[in-house]
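The structure under discussion appears below in the form of structure tokens.
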Amino acid sequence: MKLNSLGFPVEQTNELIKELNGLLSNFQVYYQNLRGLHWNIRGKRFFDLHLKFEELYNDSQLKIDLIAERVLTLGGTPLHTFSDYVANSKLRVGKDISNDVEAIELILESLSILLQIERSILNKASEINDEGTNSMMSDFISEQEKTNWMLKAWMEEDI
């Protein structure tokens with residue numbers, strides 16, 4: 001079995017890089033959705049949601065950078081074009097959403113998909129003892145589970 005300079009099996013690392021690039025693509029769509037929600041939200045909850053969406057897109061921007069840097073650390077090339085992002089994303093693009101409930105529903109739907117992808121990456125990284133990727137995914141998962149809980153509370157829904 002051929003190992004890379006980090007001591008990980010090359011073939012499995014390349015699969016992990018592909019999944020991380022998929023996560024990167026999904027996060028880019030999530031980020032852009034959040035920007036659109038931030039700009040277009042209307043109604044009595046405008047001030048609270050406008051700030052919340054800004055908080056979420058700033059957090060996403062940091063995560064995007066971390067994912068891209070992890071791809072580079074593992075020896076890959078991060079995707080970096082809009083066409084790549086759209087082609088590799090599973091998230092629905094939220095266009096012209098100004099209603100508060102629709103906005104939160106889009107975020108919850110997106111978080112659910114992101115969490116599924118992150119758990120898959122966590123499992124694959126565990127198989128090759130990639131603690132760097134595991135740590136990053138664990139952090140993302142715990143933060144997004146909390147965000148999911150808070151948004152569900154806002155919607156007055158059960159987890």
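Values quoted throughout were computed directly from the atomic coordinates according to the rules given, and no laboratory measurement underlies them. Please read these numbers as outputs of a predicted model, since none were measured by experiment. Please note: Cβ atoms are built from the backbone with ideal geometry, for glycine as well, and neighbour counts cover all protein chains shown.
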Practice prompt. Report, in degrees rounded to the nearest 10, the 0 to 90 angle that the Cα long axis of helix 131-155 makes with the longest principal axis of the chain.
Written response: 20 degrees
Worksheet item: How much length is gained if the chain between Trp39 and Ile141 is pulled fully straight, taking 0.36 nm per residue apart and subtracting their Cα-Cα distance, in nm to one decimal?
Response: 34.1 nm
Worksheet item: Lysine pairs in the stretch 10-155 with alpha-carbon atoms under 21 Å apart, 8 or more places apart or on different chains: how many are there?
Response: 14
Worksheet entry | Structure-derived volume of the Cα convex hull per residue in Å³: which label, when the choices are (i) 157; (ii) 97; (iii) 127 | (ii)
Practice prompt. Specify the residue with the greatest mean-square fluctuation among Ser110, Ser60, Ser126, computed from a Gaussian network of the chain linking alpha-carbon atoms under 10 Å apart.
Written response: Ser126
Worksheet item: So what's the gap between the Cα centers of the stretch 110-159 and the stretch 26-92, to the nearest angstrom?
Response: 15 Å
Worksheet item: Among the trypsin sites (Lys or Arg not before Pro) within the stretch 36-70, which fall in a DSSP loop and have no more than 10 other Cβ atoms within 10 Å of their own Cβ?
Response: Lys44
Discussion item. Loop-only chymotrypsin sites (Phe, Trp or Tyr not before Pro) in the stretch 1-45, please: DSSP not H, G, I, E or B, and at most 13 other Cβ atoms within 10 Å.
Written reply: none
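What is the order of Met137, Met155, Met1, fewest Cβ neighbours within 10 Å to most?
Working: Met137 26, Met155 13, Met1 6.
Result, fewest neighbours first: Met1, Met155, Met137.
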Worksheet, complete the sentence: Tilt, helix 10-40 to longest principal axis of the chain (alpha-carbon atoms), in degrees rounded to tens, equals 10 degrees
Fill in: Pairwise FRET efficiency - Lys2 versus Ala153, Cβ, R0 = 41 Å, nearest 0.05
0.25
Discussion item. Let's test the formula: R0 of 25 Å, r as the Cβ-Cβ distance of Glu54 and Ser83. What FRET efficiency results, to the nearest 0.05?
Written reply: 0.40
